[in-house]
Amino acid sequence: MNRDTDRQKLFTRRALMLGGGQALLTSVLLGRMYYLQVVEAPRYTTLAEENRISLRLLPPPRGRILDRHGRPLAVSRQTYRAVIVAEQTKGVAETLDTLSQLIEIGPADRERVLREVSRKRKFVPVTIRDDLSWDEVTRIEVNAPELPGVTIDEGQSRFYPYGADFAHVLGYVAAVAEHETTGDPLLELPGFRIGKSGIERTYDTILRGTGGRSQVEVNALGRVIRELSRTEGDPGADIVSTIDLDLQRMTSRRLEGESGSVVVMDVHAGEVLALASSPSFDPNTFNRGLRRDEWRELTGNIRAPLTNKAISGQYPPGSTFKMAVALAGLERGVITPHSRVFCRGHTSLGNHTFHCWKRGGHGSMNMHEGLVQSCDVYFYEVARRLGVDAIAEMSRRLGLGELVGIDLPGERPGLMPTREWKARSMGQPWHQGETLIAGIGQGYVLSTPLQLAVMTARFVNGGYQVTPRLTRNGDTTMAPSAAPQFPPLGVSATHVRLICDAMKDVVNGSRGTARGSMIREAGLEMGGKTGTSQVRRITRAERATGIRRNEDLPWNQRHHALFVGYAPVHAPRYAIAVVIEHGGGGSTAAAPVARDVLLAAQKLDSLRIAARPERPEPDRSRNDDPA
């Protein structure tokens, strides 16, 4: 009996302990559930929403680039692209294999996608291909179940309606390179492109805009179920350029087949109306992505289509530089307009002989005649009297030998040598013979076509330090900007006029070196200065083999042809610089281009003036004056 009682007590005690434990556990669980469902409910509701709701960045439309009259030069248009999210696929490589049976995926695109997937976070979409046709979009959508992680994304694609005609001015956009990421989430969006050259690069942040946001509901696999809300970003601002669409296209077409460049600018406002470099390229190809063979063709071309020769091509200015030497001589008083030098076809300095381009000589020359007939001996003598430092000082005032500050990337400064420059850069003294060579724009002297256009503008606008610009100071409206006020050069207006008169006779005088390119329409005449930039001399050994003329040399060893000019001569408005690489003589290769472009500029201007609506006469039938 006692044994049964003891067993019952033991069972009761154990039952109570087990029941107490269960009660305690139940209390803990209930307490935890209360804590989670009541106390922590707001936090976990937020976390659940964050798992269900995805916030996506929306790329803004890129701003347009317009010509000076508001006509679009660079625009954005809607396109479709295929993108892939690595974490939603069974394997990126396998998915690409399946997709390649539906649309073309080149080896370069496949390699790029695999590379981007490996370096980006797995949930970041990566573009497979841009600019899909509607037929390609349809094929992908129909086969979507076999393509997990692949979606069609609508986007904006940059389009340049005039292609190669504007490539070096506008530049191009392309995908963001790894070294260009700055932490801006916009730059991680698939298909997002930034400016790589030209105006597109200079004003990229203005054109880019700010991104919008989209809240979407997603399922457990990350696929979008629906869009919950959408906030549009701010589109990029438009940029109004100073370029004239019609003149730019004509200039670009006039350079076809040549290697060289042309710059046309307003001599008073500094606005660049045309800037062409040849050969060119189609910037639209960079937007879609270049194949390796296309890239090799561009970079391996001896004529350098990717180089903007107008701002980064550096050439000895040749005889176009004689205007700067003449002005320095007049300002320093080492010559007067009537000072004469006798040219017998050469001059001597020590044991060295310096030849004139005219082997028989020009005879007695004053400054005007020396410029018109481009007498080398005359300018050897002026340079000897001046010294190289005085020449360099005046050249810099005219815009040579330093950056002129145009709003384009890649501008180069040229070179105006001095005694100090040679000692510092070469550790050698300056020789007087080098001064003579510099006096005719050869030797160490280098300039860009843009600098030559600026120099010309500063001569013909009355002696003001006009500087070039390609946009209206980033202005995004079509309102004409106020005419800028430029400081004077600090030289005699009489001296400037004397040189401009000589430029007029270079083209229109009976003995001018560019008389063959005269504009024969009254009121539209141009003035200018020819130049030939020597690339190398013909050796005695070559002469023995029959090579006697520059034209007998290989193309890339021939002289460069240059011309600077202005029009109209009675009231200058346009300045121009033309460089034809390895074109031979400036009078035969460069001056005709300048003639055609300046004539077109003036005629286009006349047509626009004629097309402007006349201002209506005020209504004089009423008398509103008080009685």
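Observations on the model:
- GluC sites (Glu not before Pro) lying in DSSP loop within region 195-256, provided at most 15 other Cβ fall within 10 Å: Glu232, Glu256
- Virtual spin-label span in nm between Arg56 and Ser492, 7 Å along Cα→Cβ: 7.4 nm
- Förster radius 51 Å - calculated FRET efficiency between Leu306 and Leu30 (Cβ-Cβ, nearest 0.05): 0.10
- Stretch gain in nm, segment Ser364-Ala571, where the contour uses 0.36 nm per residue and the Cα spacing is subtracted: 71.4 nm
- Paramagnetic reach from Gln78 in region 133-173 [backbone N under 20 Å; point 7 Å along Cα→Cβ]: 133-142, 151-161
- Distance in nm between pseudo-label sites at Asp97 and His179 (7 Å out along the Cβ direction from Cα): 3.6 nm
- Proximal lysines to Lys529, defined as alpha-carbon separation beneath 30 angstrom and excluding residues fewer than eight positions away on the same chain: Lys309, Lys322, Lys358, Lys422, Lys504, Lys603
- Region 55-240 - convex hull of alpha carbons, volume per residue in Å³: 132 Å³
- With a Förster radius of 45 Å applied to the C-beta separation of Glu141 and Arg296, the computed FRET efficiency comes to 0.80.
- At least 24 Å along the helix axis (C-alpha) and Kyte average at least 0.5, DSSP helices within the chain: 591-611
- Proximal lysines to Lys120, defined as alpha-carbon separation beneath 26 angstrom and excluding residues fewer than eight positions away on the same chain: Lys90, Lys196
- Pairs of Cα atoms nearer than 8 Å and 6+ residues apart set the relative contact order; for the chain it is 13 percent.
- Given the choices [x] 98, 66, 44; [y] 96, 75, 59; [z] 153, 93, 48, Cα extents along the principal axes in Å derived from the coordinates of this structure is entry [z].
Any read-out appearing in this document is the output of simple, stated calculations on the displayed coordinates, not a laboratory observation. None of the values given here were measured: they were computed from a predicted structure. So basically every Cβ, Gly included, is an ideal-geometry build from the backbone, and we count neighbours across all protein chains shown.
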